[in-house]
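The values are calculated or read from the model by the stated rules, or taken from the named source; none is laboratory data. Source: prediction; values computed, not measured. Every residue, glycine among them, receives a Cβ derived from its backbone with ideal geometry; neighbour counts consider all protein chains shown. Note: accessible area is taken over every heavy atom of the protein model, side chains too, but ligands, DNA and RNA are not part of it. Shrake-Rupley method; radii C 1.70, N 1.55, O 1.52, S 1.80 Å.
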Amino acid sequence: MESEEAAATVQATRPRRVSRTPVTAILTKKRGRKPKRNDESHSPFSQQQSQKATVDDKYSQWKTLLPILYDSFANHTLVWPSLSCRWGPQLEQAASKTQRLYLSEQTNGSVPNTLVIANCEAVNRQLNEEAHSPTVKKYKTIIHPGEVNRIRELPQNSKIVATHTDSPDVLIWDTETQPDRYAVLGAPHSRPDLLLTGHQDNAEFALAMCPTEPFVLSGGKDKSVVLWSIQDHITMAGTDSKTPGSSLKQTGEDSNKTGCPSVGPRGVYHGHEDTVEDVAFCPSSAQEFCSVGDDSCLMLWDARTGTGPAIKVEKAHDADLHCVDWNPHDNNLILTGSADNTVRVFDRRNLTSNGVGSPIYKFEGHKAAVLCVQWSPDKSSVFGSSAEDGLLNIWDYDTVGKKSERAPKTPAGLFFQHAGHRDKVVDFHWSLMDPWTIVSVSDNCESSGGGGTLQIWRMSDLIYRPEDEVLTELEKFKSHVFTCTSKP
């Protein structure tokens, strides 16, 4: 891929003693997920220089802990920042485990914006126990019509993805059948396989794919939430991501300027009073979904009961809401992140239709706006949050109220802090195929004037495994060390 792999690649050895105190935070200047052209105040030059020195010092401290805190870690410096990253299907090969990785390239106009399909390869542990850190290689480039603000994969077939750009439409791509393109200035855009229409204004970030049916959900500046079904456009072969050939039917009339088939909405839902920033489906139902927006509201919808919100939580946060996720293990729990720097968990059983509802948990560990939240697929009480402060925090709400004697000042619920990025972490995604493995991307415009950073990492299992199990393993290791040192 058009990136240069940084030298810092760690292969960790086990067992080892791990502190459960989170890594010290890296603080960066606040900046929106996209540059906002307004009169927001900015730090003076001297203050920026001082802050940069602090960031560099904190980063250096974090770097020394890499071999202790991670089972695997890989860093890639990107030529262009990526605003979104997602895992795709797994590809089994003889000597390695390879998984597709979807990224974007947000360029300055000298070359086209692109959707990048890469292969992330990790050597199987049973074949080579020492080779843990993955490599990333570009597999295919799609020339995207505009910036790629958001990527989402179809759970039923993750080689089909949806993208958001600065337009009202959602673009659907079959990443396996799309031709590989060479991104040069003046090159024509790639042709989407399907176009979803229905928004009346730009829809830039709010995008979700349904876990149970091939439904797509979007929100935009028109203050609406729009639902589509692409069921009629998916072939039977498309239900299996390993099946060769196209997963989208190449039929239908070309009713738009892109020359590809278009699909109108199944439903348009109104209730927000400002831009809808994120949406999420209920994990068990294609008819239930939620949304958050710049009106500070969290709304729950049921497509079977009408086009208005079933539940509207006003003032869910003290500022704009940027992100939302629905717990895949517990349908009652909804996670939100906001420009007020906090993450909150709501139980929908406690919410009412008249706008009343308080979070059951409130997590305060970021120093700037939260941009992305996601529940862990590996443990029901664990989730991650990334923010403009350059941190990706991992939380466990089961630990709230259990104060650690070793880290009394640690924010409640925080049990790991990834501080490898030096600028705002705009997106991350847990891997469904490789437990506790995360891909994360940062936009480095603030820290280095351009480009981005891609990191693929997995914290040490000594951090998230049950403490008694870890202590037993360390005790065995301690006995082994004493036995070895006592021999003549």
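A count restricted to the stretch 183-202 and to residues that are without any contact (Cβ under 8 Å) to a residue 12 or more places away in the chain and either surrounded by 18 or more Cβ atoms within 10 Å (Cβ to Cβ) or under 17 Å from VAL216 (Cα atoms) (or both) stands at 0.
Please work out if GLN200 is part of a loop (DSSP other than H, G, I, E, B), among the polar types (S, T, N, Q) and modelled with pLDDT of 95 or more.
When the stated conditions are applied, GLN200 passes them.
When you look at SER385, is it over 24 Å from THR275 (Cα atoms) and modelled with pLDDT of 95 or more, yes or no?
No, not satisfied.
Among the residues of the stretch 283-315, just one is assigned to a strand (DSSP E or B), in contact with a Leu (Cβ under 6 Å, 6 or more places away or on another chain) and surrounded by fewer than 23 Cβ atoms within 10 Å (Cβ to Cβ), namely ILE311. Since PHE428 meets every condition but one in (1) buried (at least 22 other Cβ atoms within 10 Å of the Cβ); (2) at positive phi, which condition does it not meet? If we test PHE428 against (1) buried (at least 22 other Cβ atoms within 10 Å of the Cβ); (2) at positive phi, just (2) comes out false. Within the stretch 324-359, the set of residues being of a type in the set (Val, Ile, Thr) and at pLDDT 95 or above comprises VAL324, ILE334, THR336, THR342, VAL343, VAL345.
Return yes or no: is LEU454 open to solvent by 60 Å² or more (accessible area, probe 1.4 Å), modelled with pLDDT of 90 or more, within 29 Å of CYS85 (Cα to Cα) and out of contact with any helix residue (DSSP H, G or I) (no Cβ under 6 Å at 6 or more places or on another chain)? No.
Applying the selection to the stretch 59-76, what residues are open to solvent by 60 Å² or more (accessible area, probe 1.4 Å) and either closer than 28 Å to SER104 by Cβ or within 22 Å of the chain's Cα centre (by Cα) (or both)? Listed by number, the list holds a single entry, LYS63.
Annotation for the stretch 203-220: at least one member residue is surrounded by fewer than 18 Cβ atoms within 10 Å (Cβ to Cβ), out of contact with any Pro (no Cβ under 8 Å at 6 or more places or on another chain) and either closer than 30 Å to ASP274 by Cβ or at pLDDT 95 or above (or both). Scanning the stretch 170-182 for residues that are surrounded by fewer than 19 Cβ atoms within 10 Å (Cβ to Cβ) and among the β-branched types (Val, Ile, Thr) gives a single hit, THR177. With respect to (1) farther than 22 Å from ASP71 by Cβ; (2) at pLDDT below 80, the lone exception for GLU475 is condition (1). The numbered conditions (1) buried (at least 21 other Cβ atoms within 10 Å of the Cβ); (2) among the small types (Gly, Ala, Ser); (3) touching a His at 6+ places or on another chain (Cβ under 9 Å) are all true for SER381 except (1).
Only residues that are part of a strand (DSSP E or B) and touching a helix residue (DSSP H, G or I) at 6+ places or on another chain (Cβ under 9 Å): list them for the stretch 327-352, please.
Selection gives LEU333, ILE334, VAL345.
Looking across the stretch 135-172 at every residue that is touching a His at 6+ places or on another chain (Cβ under 7 Å) and among the aliphatic types (A, V, I, L, M), the one that is nearest to GLY264 (Cα to Cα) is identified as VAL170.
When you scan the stretch 316-323, do you find a residue that is buried (at least 22 other Cβ atoms within 10 Å of the Cβ) and over 17 Å from VAL279 (Cα atoms), even just one?
no
What about LEU194, is it among the aliphatic types (A, V, I, L, M) and more than 15 Å from ASN113 (Cβ to Cβ)? So LEU194 passes the test. Within the stretch 166-200, being among the aliphatic types (A, V, I, L, M) and under 18 Å from SER262 (Cβ atoms) holds for VAL170, LEU171, ILE172, LEU194, LEU195, LEU196.
Can you say whether SER46 is small (Gly, Ala, Ser), at pLDDT below 65 and not in a strand (DSSP E or B), as far as the supplied structure shows? Considered against the rule, which asks whether it is small (Gly, Ala, Ser), at pLDDT below 65 and not in a strand (DSSP E or B), SER46 comes out as yes.
Going through (1) of a type outside the set (Asp, Glu); (2) open to solvent by 50 Å² or more (accessible area, probe 1.4 Å); (3) under 20 Å from LEU83 (Cα atoms) one by one, LYS402 falls short only on (3).
Every residue, every condition in (1) buried (at least 23 other Cβ atoms within 10 Å of the Cβ); (2) under 18 Å from GLY452 (Cα atoms); (3) modelled with pLDDT under 95, yes or no:
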{"position": "ARG86", "(1), (2), (3)": "no, yes, no"}
{"position": "LEU91", "(1), (2), (3)": "no, no, yes"}
{"position": "ALA95", "(1), (2), (3)": "no, no, yes"}
{"position": "ASN124", "(1), (2), (3)": "no, no, yes"}
{"position": "GLU130", "(1), (2), (3)": "no, no, yes"}
{"position": "PRO134", "(1), (2), (3)": "yes, no, yes"}
{"position": "HIS144", "(1), (2), (3)": "yes, no, no"}
{"position": "PRO168", "(1), (2), (3)": "no, no, no"}
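Could you please let me know if GLN374 is under 26 Å from GLU273 (Cα atoms) and modelled with pLDDT of 90 or more? So GLN374 fits the description; yes.
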